[in-house]
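Structure first, then comments.
The values are calculated or read from the model by the stated rules, or taken from the named source; none is laboratory data. What you see is a predicted model, and the numbers here were worked out from it, not measured in a lab. Every residue, glycine among them, receives a Cβ derived from its backbone with ideal geometry; neighbour counts consider all protein chains shown. Note: accessible area is taken over every heavy atom of the protein model, side chains too, but ligands, DNA and RNA are not part of it. Shrake-Rupley method; radii C 1.70, N 1.55, O 1.52, S 1.80 Å.
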Amino acid sequence: MTKRNTKETLKSIKPSPIRAFNDKISGIEGLIKLTLGEPDFPTPRFIKDAAIQSIDKSFNGYSHSKGLAELRETISGYLKRKYDLDYRAEDQIIVTVGATEAIFVSLYALLNPGDKVVAAAPNYAVYKTQVNLTGGEFVPVDVTEDDFILTPERLDKVLTEDKDIKVLLMNHPSNPTGHTYTAEQIEGLAEVVKKHDIWVISDEIYAELTYKGKHVSVAKYLPEHTILINGASKSHSMTGWRMGIVAGPADVLKQIFVIHQGAINAPTTQAQFAGLAAYSEEGDAAIEEMRLEYKIRRDYLLGRFRDMGFDVSTPNGAFYLFIKIPDWFEGDDMDFCLKVAHEAKVGLVPGQAFGEAGKNYFRLSYAANLENLETAVDRIEAFVEENKPK
């Protein structure tokens, strides 16, 4: 049997291409970086105060490995309030060290060596890394011709042709495209998943940053087939706090728990007290305030880039634009982003960092204040005027 995590596997896996490119251009003086998915808002004051109070009260011991019981109850209420999902705190929710850990322990619990995981592409690069680390095989499905949406027909075709696929790894709203799925689209995918009897790991870390309609989780239609991933990093501006959630059927959560406990023992206690505040109803208002500001930024950027002649579709979630490299540019997305970084002093991420399907695109993160975004777009506009053939 093929072994997991062999030295040869590790040799073939490269560090995050997003962070590698970010590091490559970070030394450029005066660079405005729109590279990382890092909210620019401070963590709301009441959330910080909750963590400070826990420190002052010397709550510095281990929590339960699944997370504080009170926090799991609060998360259960949050998931019900926001997405109409029913998860029991005692055996269907685990607090993780960010969504990244939640995805990895879920993949490790579900996959045997040689099993395959399918996902819409372009996609977050860590997915492939994590699947490979489990001994699995990552199967990207290029959806650039379908407005970055995986259709039920396309998924059915892939699953019919490849019986080794055990998991659909969904991400909506999507990193890097910002596109998300309607209730009808989710329901259609759910029917296909049910037909082929596979699992869904649904990464919904950007769920609160949805700009049109209400976010609908695949877990609403497939509770017994879905492992739900969520967290506070993007919604509550808490990336460094590493506050993640994995929720799902009790039997598979029992398996995930073994891996989670073996890897980290317990999540950080003080971050969990911050999470208690974040997932309370008071946190809902803070989420909405940030969401509205992101939408203003998105709309501003869409107008500016379209006025410059860039091909960009409207994303309805997250805080990214995924933009096609202009036809007049002689070079690929890596060349374009390097040239923009050095000449315009704006940091973007080449689309190829998100797989083969991302080539000839670039990702822009608008998790930056509007003043910086205006300056960045002014610089890109000057770059276009300077370099576009007359």
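Could you tell me whether residue 356 is surrounded by fewer than 23 Cβ atoms within 10 Å (Cβ to Cβ) and farther than 30 Å from residue 71 by Cβ? Yes: the conditions hold for residue 356. Taken together, the residues in the range 171-199 that are open to solvent by 10 Å² or more (accessible area, probe 1.4 Å), hydrophobic (A, V, I, L, M, F, W, C) and within 15 Å of residue 215 (Cβ to Cβ) amount to 1.
Within the range 147-167, take every residue that is over 30 Å from residue 314 (Cβ atoms) and without any contact (Cβ under 8 Å) to a residue 40 or more places away in the chain and give me the one that is surrounded by the fewest Cβ atoms within 10 Å (Cβ to Cβ). Step by step, filter the range 147-167, then rank; the result is 161. Whether a residue is on the phi > 0 side of the Ramachandran plot and surrounded by 16 or more Cβ atoms within 10 Å (Cβ to Cβ) was assessed, and residue 347 does not pass this test. Of note, residue 365 satisfies the criterion of being modelled with pLDDT of 95 or more and among the polar types (S, T, N, Q).
Do you know which residues across the range 306-326 are in contact with a Leu (Cβ under 7 Å, 6 or more places away or on another chain) and of a type in the set (A, V, I, L, M, F, W, C)?
Answer for the range 306-326, where residues must be in contact with a Leu (Cβ under 7 Å, 6 or more places away or on another chain) and of a type in the set (A, V, I, L, M, F, W, C): 312, 318, 319, 321, 323.
Restricting the search to strands (runs of 3 or more DSSP E) fully inside the range 84-146 and requiring at least 3 residues that are buried (at least 22 other Cβ atoms within 10 Å of the Cβ) and out of contact with any His (no Cβ under 7 Å at 6 or more places or on another chain) gives 116-121.
Within the range 123-140, residues that are closer than 14 Å to residue 99 by Cβ and in contact (Cβ under 8 Å) with a residue 12 or more places away in the chain reach partners that are open to solvent by 40 Å² or more (accessible area, probe 1.4 Å) and hydrophobic (A, V, I, L, M, F, W, C) with beta carbons closer than 7 Å, at six or more positions or on different chains, in the pairs 130/104.
Cβ-Cβ contacts under 8 Å between residues 6 or more apart (or on different chains), taken from a first residue in the range 200-218 that is over 25 Å from residue 299 (Cα atoms) to a second residue that is among the aliphatic types (A, V, I, L, M) and open to solvent by 20 Å² or more (accessible area, probe 1.4 Å), are listed as 201/110. Would you kindly identify the helices (runs of 4 or more DSSP H) lying entirely within the range 261-380 that contain at least 1 residues that are touching an Asp or Glu at 6+ places or on another chain (Cβ under 7 Å)? Ranges flagged: 269-278, 281-307. Scan the range 208-232 for residues that are small (Gly, Ala, Ser) and either open to solvent by 10 Å² or more (accessible area, probe 1.4 Å) or part of a helix (DSSP H, G or I) (or both) and the total you get is 2. Quick check, is residue 255 over 24 Å from residue 182 (Cβ atoms) and open to solvent by 10 Å² or more (accessible area, probe 1.4 Å)? Answer is yes for this residue.
Residue by residue, here is whether (1) of a type outside the set (Val, Ile, Thr); (2) open to solvent by 50 Å² or more (accessible area, probe 1.4 Å); (3) touching a strand residue (DSSP E or B) at 6+ places or on another chain (Cβ under 7 Å); (4) within 18 Å of residue 210 (Cβ to Cβ) holds:
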{"site": "285", "(1), (2), (3), (4)": "yes, yes, no, yes"}
{"site": "294", "(1), (2), (3), (4)": "yes, no, no, yes"}
{"site": "298", "(1), (2), (3), (4)": "yes, no, no, yes"}
{"site": "303", "(1), (2), (3), (4)": "yes, no, no, no"}
{"site": "316", "(1), (2), (3), (4)": "yes, no, yes, yes"}
{"site": "327", "(1), (2), (3), (4)": "yes, yes, no, no"}
{"site": "330", "(1), (2), (3), (4)": "yes, yes, no, no"}
{"site": "337", "(1), (2), (3), (4)": "yes, no, yes, no"}
